[in-house]
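*Asks:* I have a structure I would like to understand better, so I am pasting it below and will then ask my questions one at a time.
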Amino acid sequence: MTESTHEQRYCYLIELTGNNHSELLASLSAEERQIGDWERVYSAKLPTWRLWSDENADTIRYVVSHVIARYSLPQNDYWLIQYEGNDHRHPTMLHPRFHTR
């Protein structure tokens, strides 16, 4: 059994609903980078990222919606799925947030 390199409590899957693969990671402020380890998911059809973090879902929603709004990214809404650590068998589906400018 291989141990994961991630020690954070949660893994969030962030899927933007638009088809424009903008680079979310380049849009992060230094403070936003600090909340966890961001990873681009290249195999996904929609623009998708993984975020390994100990922060709760409300904090993550706040950060993601503000990055989208601040940089006027082409997608206004997104899906956010929360996993407990490395257990990806039982995700908690967090409702999509619809963010309008």
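*Asks:* Test residue 50 against the criterion of being at pLDDT 85 or above, open to solvent by 20 Å² or more (accessible area, probe 1.4 Å) and not in a strand (DSSP E or B), and give yes or no.
*Replies:* Numbers: at pLDDT 85 or above: yes; open to solvent by 20 Å² or more (accessible area, probe 1.4 Å): yes; not in a strand (DSSP E or B): no.
No: the conditions fail for residue 50.
*Asks:* Of everything in region 24-46 that's over 15 Å from residue 66 (Cα atoms) and either hydrophobic (A, V, I, L, M, F, W, C) or modelled with pLDDT under 85 (or both), which residue is surrounded by the fewest Cβ atoms within 10 Å (Cβ to Cβ)? Give the derivation first.
*Replies:* Step one: of region 24-46, the residues over 15 Å from residue 66 (Cα atoms) are 34, 36-46.
Add one more test, that the residue is either hydrophobic (A, V, I, L, M, F, W, C) or modelled with pLDDT under 85 (or both), and what stays is 38, 41, 44-46.
Values: 38: 17, 41: 13, 44: 14, 45: 7, 46: 14.
Only one residue fits best here, namely 45.
*Asks:* Name the pairs whose Cβ atoms lie under 7 Å apart, with the first residue in region 46-63 and over 13 Å from residue 8 (Cα atoms) and of a type in the set (Asp, Glu), the second surrounded by fewer than 19 Cβ atoms within 10 Å (Cβ to Cβ) and at pLDDT below 90, and 6 or more positions between them or separate chains?
*Replies:* From region 46-63, no pairs qualify.
The values are calculated or read from the model by the stated rules, or taken from the named source; none is laboratory data. Keep in mind that what you see is a predicted model, and the values were worked out from it rather than measured. Please note: Cβ atoms are built from the backbone with ideal geometry, for glycine as well, and neighbour counts cover all protein chains shown. Surface areas here come from the heavy atoms of the whole protein model, side chains and all, with no ligands, DNA or RNA. Shrake-Rupley method; radii C 1.70, N 1.55, O 1.52, S 1.80 Å.
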